[in-house]
1. For the stretch 21-135, just say rounded, prolate or oblate: build the C-alpha gyration tensor, square-root its eigenvalues into a ≥ b ≥ c, call rounded for a/c under 1.5, and beyond that prolate if a/b exceeds b/c, oblate if not.
2. Taking R0 as 35 Å, what's the FRET efficiency between residue 58 and residue 182 from their Cβ-Cβ distance, rounded to 0.05?
3. Helix 130-139 against the longest principal axis of the chain: what's the angle in degrees, Cα atoms only, rounded to the nearest 10?
4. Using a 10 Å cut-off on Cβ atoms, rank the peptides 127-136, 90-99, 191-200, 35-44 from the highest mean neighbour count down.
5. Expected output is a single nm value to one decimal: the length gained when fully extending between residue 102 and residue 137, i.e. 0.36 nm times separation in residues minus the C-alpha distance. What is it?
6. In percent, what relative contact order does the stretch 4-153 have, based on Cα pairs under 8 Å that are 6 or more apart in sequence?
7. Could you give the nm distance between label points at residue 72 and residue 127, where each point is 7 Å from its Cα heading toward the beta carbon?
8. Using 0.36 nm times the number of residues separating residue 174 and residue 50, minus their current alpha carbon distance, what extension gain do you get?
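Throughout, read-outs are computed from the coordinates displayed, never taken from laboratory work. This one's a predicted model, so the numbers in the text were calculated from it and none came from an experiment. Every residue, glycine among them, receives a Cβ derived from its backbone with ideal geometry; neighbour counts consider all protein chains shown.
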Amino acid sequence: MALFGRAARSERRGTPFDFLIVGLGNPGKGYARTRHNVGEEVVASLATRCNAALKAGRDKAMVAEVTIGGHRCVLAFPLTYMNESGQAVGALARRYGIDDPQQLIVVHDELDLPPAQVRVKDGGGLAGNNGLRSITQHLKTQDYRRVRIGIGKPPSKEHGANHVLSRLGKSEREALDVAIQIAADAVEVLIGEGLDVAQRQFNSR
């Protein structure tokens, strides 16, 4: 079967999985716990909930195979930098038989949302996120699902990189820690109960 408009490769193995959940961020301790790595933290939280551990795989990503809501799922954190996330996501989609964009859930930071606000989105634009841009380029579609965590906008565009990569004050960090758990809840509802239920439950907060 075609994979997002392209032929599936031979590395697909066994029975296809139901969902691929990708948390975006940058690898390395220097980026941990920054605004840009909230997606990574959500995937790590989901792995903990499933009593699983993310381990380095063959596709430039940390990966855990889990069951969520009765569905076979792959949790992944790309070990490429944010700008090259699509390299890992494309390879993982092929390996795990993910051939419908609605089977892909990307968790990421969102400048256009207030800090710590969580929203569920089906497809749409890229909102200036280079991780989403890379994924879209590799998969040839924007129709995958997203769980977005607001980090607010910097004072100006010139402060953008510092805003997403800097460490946080105590109060904002505490608020984001709560948002990360809410985002993990949103992923679970999205998988177990579907898009409409997830959007009603999380987009009205």
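1. Values: a/c = 1.29, a/b = 1.22, b/c = 1.05.
It is rounded, given that a/c, with a ≥ b ≥ c, falls under 1.5.
2. On the way: r = 32 Å, r/R0 = 0.92.
Working from the Cβ atoms, E equals 0.65.
3. 10
4. Details: 127-136: 21.2, 90-99: 22.9, 191-200: 15.0, 35-44: 25.7.
Per-residue mean Cβ counts within 10 Å order the peptides as 35-44, 90-99, 127-136, 191-200.
5. Working: separation 35, 0.36 × 35 = 12.60 nm, distance 1.65 nm.
Roughly 10.9 nm would be gained on extension.
6. On the way: 342 pairs, mean separation 42.7, N = 150.
Rounded, it is 28 percent for the stretch 4-153.
7. The two pseudo-label positions are separated by 3.2 nm.
8. Numbers: separation 124, 0.36 × 124 = 44.64 nm, distance 2.32 nm.
Length difference between fully extended and current span is 42.3 nm.
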